[in-house]
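The next block holds one structure in the form of structure tokens; read it before the comments.
The values are calculated or read from the model by the stated rules, or taken from the named source; none is laboratory data. These numbers come from a predicted model, not from an experiment. For neighbour counting, all protein chains shown are included, and Cβ atoms are generated from backbone atoms with ideal geometry for every residue, glycine included. The protein model used for the area step is the full one, side chains on, heavy atoms only, and it has no ligands, DNA or RNA in it. Shrake-Rupley method; radii C 1.70, N 1.55, O 1.52, S 1.80 Å.
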Protein chains: 4
Amino acid sequence: MPGSSFGEAFRVATFGESHGGGVGVIVEGVTPGLPLAEGEIQQQLDRRKPGQSAVTTSRAEQDEVHILSGVFEGQATGTPLMMVLYNKDMRPEAYREIKDLFRPGHADFTYLKKYGLRDHRGAGRASGRETAGRVAAGAVAMKQLDQRGVHIIAYTKRAAGIECAAVDLDQIEKNPMRAADARAAEKMVEAVTALARQGESTGGIVECVVRGVAPGLGEPVFDKLDARLAQGMLSLGAVKGIEFGTGFDCVDMGGSHHNDWMNKNGFLTNHAGGILGGLSNGNDIVFRIAVKPTSSVSVPQETVDIHNNETPIVTEGRHDPCICPRIVPVVEGMTALVLEDLYKRQAALHG
Amino acid sequence: MPGSSFGEAFRVATFGESHGGGVGVIVEGVTPGLPLAEGEIQQQLDRRKPGQSAVTTSRAEQDEVHILSGVFEGQATGTPLMMVLYNKDMRPEAYREIKDLFRPGHADFTYLKKYGLRDHRGAGRASGRETAGRVAAGAVAMKQLDQRGVHIIAYTKRAAGIECAAVDLDQIEKNPMRAADARAAEKMVEAVTALARQGESTGGIVECVVRGVAPGLGEPVFDKLDARLAQGMLSLGAVKGIEFGTGFDCVDMGGSHHNDWMNKNGFLTNHAGGILGGLSNGNDIVFRIAVKPTSSVSVPQETVDIHNNETPIVTEGRHDPCICPRIVPVVEGMTALVLEDLYKRQAALHG
Amino acid sequence: MPGSSFGEAFRVATFGESHGGGVGVIVEGVTPGLPLAEGEIQQQLDRRKPGQSAVTTSRAEQDEVHILSGVFEGQATGTPLMMVLYNKDMRPEAYREIKDLFRPGHADFTYLKKYGLRDHRGAGRASGRETAGRVAAGAVAMKQLDQRGVHIIAYTKRAAGIECAAVDLDQIEKNPMRAADARAAEKMVEAVTALARQGESTGGIVECVVRGVAPGLGEPVFDKLDARLAQGMLSLGAVKGIEFGTGFDCVDMGGSHHNDWMNKNGFLTNHAGGILGGLSNGNDIVFRIAVKPTSSVSVPQETVDIHNNETPIVTEGRHDPCICPRIVPVVEGMTALVLEDLYKRQAALHG
Amino acid sequence: MPGSSFGEAFRVATFGESHGGGVGVIVEGVTPGLPLAEGEIQQQLDRRKPGQSAVTTSRAEQDEVHILSGVFEGQATGTPLMMVLYNKDMRPEAYREIKDLFRPGHADFTYLKKYGLRDHRGAGRASGRETAGRVAAGAVAMKQLDQRGVHIIAYTKRAAGIECAAVDLDQIEKNPMRAADARAAEKMVEAVTALARQGESTGGIVECVVRGVAPGLGEPVFDKLDARLAQGMLSLGAVKGIEFGTGFDCVDMGGSHHNDWMNKNGFLTNHAGGILGGLSNGNDIVFRIAVKPTSSVSVPQETVDIHNNETPIVTEGRHDPCICPRIVPVVEGMTALVLEDLYKRQAALHG
């Protein structure tokens, strides 16, 4: 009933706060025999970790993963896989000054209201750092999905008002924005760094494409493939919307134009984003998420403290001017968690 | 693990196919003592039922609800509440002709791939008729939410390319589109009926506003309020996207502009749509969903049959040219299911 | 979170009260394509239904099962299978007199304390009639288990102080006690009918043997095979204990004697009852449950009413002097629910 | 779907193998604000840890608990509480010799069959060491239950064939057997050490009494209080049976004698063990479990290896001749997990 678990057959439970002992995850349901090594998981974590470039925060966490259980002689045993990243670069004192303030755009106010108390150090449980556990678990899921012939690719489609004109997947890991268009990426970096200098932030759109999913994946009716992906994506702190295929643009179309017709070679179009009736249809699964501008900015803002006194606030510290490049591996990891779970549930249905 | 259940503390399990014995729902976790009568539930079902106007299907189901358990002398007992709507206006023979065809935009193809067989009568389990169970359960949730001071209102914001210029909640139930603007509604009806005459369909945008939710509702991290609403909405067959508050428009904003500042009277704006860090912040909860154009159209389309033979198809029958007016009560009901569940989970956390 | 659901991959949710509209069950996760007909399910229900013989209650429910969804043209579709038994022989007025009394041994007192109100007609939700849903769902599970080569047999091992001297499975359905020994059965019938004449009741021991389960079934650590069977059995109202294999008698044995040694043909003994470390070991799974004497007796007892006034009570009505023969099919059904769920979970693990 | 999680509203997920990096637990749903310190949890773990006396194994684990998340400034934050015990006294080489043998009474054979591979070091996941996580989580639950006025006491009632003649709770922690009778304890120690000298082991009966639970706790019908306790107890590796109140002895009683009559001061007897219809009735909750003789003995036994070659086996190493004294705190902890979960579920029902 509490909300830190996700999945049924491939199940993750994350734990950890930004400035506590560490963050991590238990993964249940890993296929026994799956080859697993910390190095592969570390690769994905390195894509999420802070300090990668000028467009990401300078916090210096190494995010080194440790496997404490569930792997024996290089293979998953099928028992709970526990992975932890100990917190190292903790500066709780940096948060002392603002511990009684509700930072605009942050969960300070709502966490206090929900729990009656809160760990104010670096957003505590509400920190983006929580997603490291998902990336680690997602790396495990990806390993298995790779054997299923499934591949997940996300990239920054738009940031700071600049949109990719083309989609070249080879470019994604070559630019600090993880954009799919080299020239757009350059402009994004320029715009984002300019905003960063002003202490301002920006948002963007991340697109995710999944290839190789055979038709029929998903669990009607509440755990439809799109329903679970939507839950997974909206469970990321910075995400404010999601759309599949043609998305919001479908609303003005006629049904006969939006419907993806079929011929003997398959679907003629992909307006549906690869999902029909909540089940994969064999097309690429395509969705986009709206990433809000980072809440932490150093321009002066107005807020109140826990005693409801009005006060100006300037959030100093090490923050990402645009979270898109770092959210890309999180989107991929979260997508992998959704897919791997549904694959195993499909196996159970017919098993 | 199968997907026909939703919620943890207030839990629904729906069942039923379009042309089988009936559709319905078991609701677990209803607060004992809640006054309940079939009449109140029927009211919500009547808003969803077919045949309400020229812009909805002419299928003649009365959708009469029967409570089989969980209520005693007018009160919920706290034990499973079972509600069933027997199917009456079944014309399975109407589907015989197309039983081997994959109707474009429908789940025919994907259901067959998932299950290896399918009930072809009127989309079977994939029928929108399944949502009647959710509306019935949602009516129960609303009854309880009303006692909590929570009110949910959804309406058609856009349909057939026409958008409400104003929002007047009093108008919603006064026009067949359930639009919040009388003049826009008139134009919508005109446009939708024109499309219907051509055998074409259209989509729209439905907006939902929830008032009266105190701050702190939601379960970090996977069951955030927005994550669960997103799952719930995308679990509706016709929905292709969701956005909260400013939604996709937030992506080009600066953080200091998107953040909702506070003063001693509360938040100055509501860009976040009432949700911060996945928890309600006391503002109105606001989200919009993209409703796709109805897949069933009677203009000729191309498809294949189960033997992969190409064939033209014309979907005759009784269909909604625009599903928006009938999805409005479903959106409200589904929202109620999400909220009531999270209220009870909050009670458990502190209980 | 409420407790009327059981299982994860093969999941049942029961509903219904003794004297409401009916009792029934939704079964999720039925393997698509499984041949299913009401007749086969009815057969199991007939073994549980009242009025079978002099040693069972004379309540005249026909317990006729109706499938409302999830079956199409004689096959399970894989979508929720809904089965309902409408209540017919309801005599709520029979309970009016005792509606404010706490019947000794019944759940009247505790249900009122839990829920704050209760359906007093025939024990309401606490009625043994709830188990009809389990038997129906269990019949579906058995159909699938049969294809897996798994067979479940339960029988009365002891009743009214008389114990089977031998185990002859062919005898079980030939005597009204469902005992595995014809001569013991005769004596049991005699003893039970004598007790019934005095208005007294008795209990017994039911043993269950499962054959054909391959080694490795169960989910460490909380959903071990024995843990789930224990939950399932203790969830039956009349059951007060369970033991596996040698059971309580193992406590005085030495480890080297209790351990089941192996040679190349398998285990030499079966003290463990077919379960090692919570997983099936390929031996017969063997457990016994303690069935308490039926609470409803017509000898005078002492109790209080809801106002805490002391009062004598004589429970008239139609009751089973010994529930053993009717609990036998329930034990089999519940065992089937446990096993089928674990089979599907095993498929998910490796899937 | 995998089985390492337990509970719904107060939910634990354990991880860890005997000789991997460590064992531990994530606890979700801890009431925010609950005062928590490692010291209190350590106290319970110290009661379970090896090496306490001559009647327990000499393995030298200190079982030192570390809280990594979920506690801030001495209070539970309501977010996942993660506790880990790093493994220290690992001697994997001790297991090399028997790594291909199926030790009688152990899960070696069944784990290999289930998973296709296994961590052979000290029973891996099947090790009793896994229960340390439950004891740690149970200590947290107990802290909360203490505030509810609920107290759990377990003790060895019988071991090596010697039964307590009296029940004196003050004696439990004063003797190495955790027996409730000082004189019986002395004899037990004598008998157990004599068996240990011969390389043999023995079992026993542990009784658990819970005081202070108000009437109405439990979730009909599958999560009845006794059903969940039974699941919890049978999920302990050494437990082969459970009985409530009068237990198996009730089977020969008449209903009017087994029923606990009431007068205005409450129940006159407690044959039911404090549970009616699966709900607490306000009486002490009383149950007993059958603890099997420890499987590891150093007398020669017969078994096969993974290639099905027959071979004698002598399990050397550091083992408990009787697990009763160390299982007592595990029974208490597991009981606490069951109760605290049901308390929170009750809060949800009425919340």
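Treating only the Cβ of Lys, Arg, Asp and Glu as charged (+1, +1, -1, -1), what charge dipole size does chain B show about its Cα centre? Round to the nearest 20 debye. If you can, show how the numbers build up before the last one.
Numbers: 37 positive and 43 negative charges, 42 e Å.
Once rounded to the nearest 20, the dipole reads 200 debye.
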Report summary line: Distance in Å, no decimals, from the C-alpha centre of region D:125-165 to the one of region A:96-117 is 38
Query raised in the report: What list of ³J(HN,Hα) values in whole Hz, one per residue of region B:93-100 in order, does the Karplus curve 6.51 cos²θ - 1.76 cosθ + 1.60 (θ = phi - 60°) give from phi, with Gly and Pro shown as x?
Result: 4, 4, 9, 4, 4, 9, 5, 9
Report summary line: Output for region A:1-82: GluC sites (Glu not before Pro) sitting in coil per DSSP, at most 12 other Cβ within 10 Å, listed by number, reads A:73
Requested in this report: Could you run the Karplus curve 6.51 cos²θ - 1.76 cosθ + 1.60 with θ = phi - 60° over region D:174-182 and give me ³J(HN,Hα) per residue in whole Hz, x for Gly and Pro?
Outcome: 9, 10, x, 8, 6, 8, 9, 8, 4
Query - Amide H within-cut-off set for residue D:284, under 5 Å, with H built and near neighbours excluded - result: none
**Report entry** Nonlocal amide H pairs with residue A:34, under 5 Å, H built at 1.01 Å
**Finding:** A:76
Query raised in the report: By what distance, in whole Å, do the Cα atoms of region A:74-223 stretch along each of the three principal axes, largest value first?
Result: 51, 47, 38
Query - For region B:203-278 versus region D:1-28, the gap between their alpha-carbon centres in whole angstrom - result: 33
Requested in this report: Quantify how much of the Cα-Cα distance distribution of the protein assembly as shown extends past 54 Å, in percent.
Outcome: 22
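Based on the Cβ-Cβ distance of residue D:151 and residue B:91, what FRET efficiency does E = 1/(1 + (r/R0)^6) give at R0 = 51 Å, to the nearest 0.05?
On the way: r = 65 Å, r/R0 = 1.27.
Using R0 = 51 Å, I get an efficiency of 0.20.
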Requested in this report: Pick out which of D:83, D:177, D:253 has the largest mean-square fluctuation in a Gaussian network model of chain D, springs linking Cα atoms closer than 10 Å.
Outcome: D:253
Query raised in the report: Ballpark to the nearest 100 Å², how much total accessible area do A and B bury together, probe 1.4 Å?
Result: 8200
Report task. Compute the normalised compactness of region C:68-161: alpha-carbon radius of gyration over 2.2 N^0.38 Å, N being the residue count. Result -> 1.50
Query raised in the report: Counting pairs of alpha carbon atoms under 8 Å apart in space and at least six apart in sequence, what relative contact order in percent does region D:150-267 give?
Result: 23
Requested in this report: Could you check which residue among B:218, B:20, B:273 shows the biggest mean-square fluctuation in a GNM of chain B with a 10 Å Cα cutoff?
Outcome: B:20
Report summary line: chain A: relative contact order from alpha carbon pairs under 8 Å, six or more residues apart, as a whole percent, is 22
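Please pull out the direction-averaged projected area of chain B, using the convex hull of its alpha-carbon atoms, in nm² to one decimal place.
On the way: hull surface 76.6 nm².
About 19.1 nm², averaged over all directions.
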Requested in this report: Give, as ranges by residue number, the residues of region B:152-166 whose backbone N falls under 20 Å from the point 7 Å along Cα→Cβ of residue B:190.
Outcome: B:156-166
Query - Count, lysine Cα pairs under 21 Å in region A:5-350, 8 or more residues apart or across chains - result: 19
Query - Using a 7 Å Cα-to-Cβ projection, residue D:51 label spacings across copies, nm, ascending - result: 3.7, 7.0, 7.9
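Residue C:350 to residue C:316: extension gain in nm, 0.36 nm per residue of separation minus the Cα-Cα distance? Could you put the intermediate results ahead of the total?
On the way: separation 34, 0.36 × 34 = 12.24 nm, distance 5.44 nm.
So the chain would gain 6.8 nm between residue C:350 and residue C:316.
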Report summary line: Per 10 angstrom bin, beginning at 0 and ending with the bin that holds the maximum distance, the Cα pairs of region D:1-77 fall in percents of 16, 41, 32, 11, 0
Query raised in the report: Which ³J(HN,Hα) values in Hz, rounded to whole numbers, follow from the phi angles of region A:213-228 under the Karplus curve 6.51 cos²θ - 1.76 cosθ + 1.60, where θ = phi - 60° and Gly and Pro get x?
Result: 7, 5, x, x, 7, x, 10, x, 10, 8, 10, 4, 4, 6, 5, 6
Query raised in the report: For residue B:97, which inter-copy label distances result when the label point lies 7 Å beyond Cα on the Cα-to-Cβ vector, reported in nm to one decimal and in ascending order?
Result: 6.5, 7.5, 8.2
Query raised in the report: Rounded to the nearest 500 deg cm²/dmol, what is the calculated helix-only ellipticity per residue at 222 nm for chain C, with -39500 (n - 2.57) per DSSP H run of length n ≥ 4?
Result: -8500 deg cm²/dmol
Requested in this report: State in Å² the accessible area per residue of region D:120-256; use a 1.4 Å probe, count heavy atoms of protein chains only, and round to the nearest integer.
Outcome: 30
Query raised in the report: What residue among D:141, D:180, D:94 has the largest mean-square fluctuation in a Gaussian network model of chain D, using Cα springs under 10 Å?
Result: D:94
Query - Where a label projected 7 Å from the Cα of residue C:58 along Cα→Cβ would reach, residues of region C:188-208 with amide N under 16 Å - result: C:193-200
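Of all the C-alpha pairs in region D:127-189, what % are more than 16 Å from each other? Numbers along the way, then the final one.
On the way: 1088 of 1953 pairs.
In whole percent, the long-distance tail amounts to 56.
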Query raised in the report: Rg and Dmax of region D:2-142, using alpha carbons, in Å: what are they?
Result: 16.3, 50
Query raised in the report: Looking at B:230, B:254, B:43, which one has the Cα that reaches farthest to the positive end of the dipole of region B:5-350 (charges on Cβ: Lys, Arg +1; Asp, Glu -1)?
Result: B:230
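Inside 10 Å of the C-beta atoms of D:21-32, what's the mean count of C-beta atoms belonging to other chains? Write out the running numbers ahead of the final one.
On the way: counts 8, 5, 3, 6, 1, 11, 2, 9, 9, 2, 6, 8.
The shielding value for this peptide is 6.
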Query raised in the report: Once you average over the residues of A:203-211, how many Cβ atoms of partner chains fall within 10 Å of each Cβ?
Result: 2
Query raised in the report: Within region B:308-351, whose backbone N sits under 18 Å from a point 7 Å along Cα→Cβ of residue B:43?
Result: B:328-337
Query raised in the report: If we hang a label 7 Å off Cα along the beta carbon direction at residue B:161, how far is it from the matching labels on the other copies, in nm, shortest first?
Result: 2.9, 9.0, 9.4
Report summary line: One residue of chain B has its C-beta nearest the axis rotating B onto C; that residue and its distance in whole Å are B:13, 2
Report summary line: With all protein chains present, region A:295-338 has a carbon and sulfur share of its accessible area (1.4 Å probe) in percent of 48
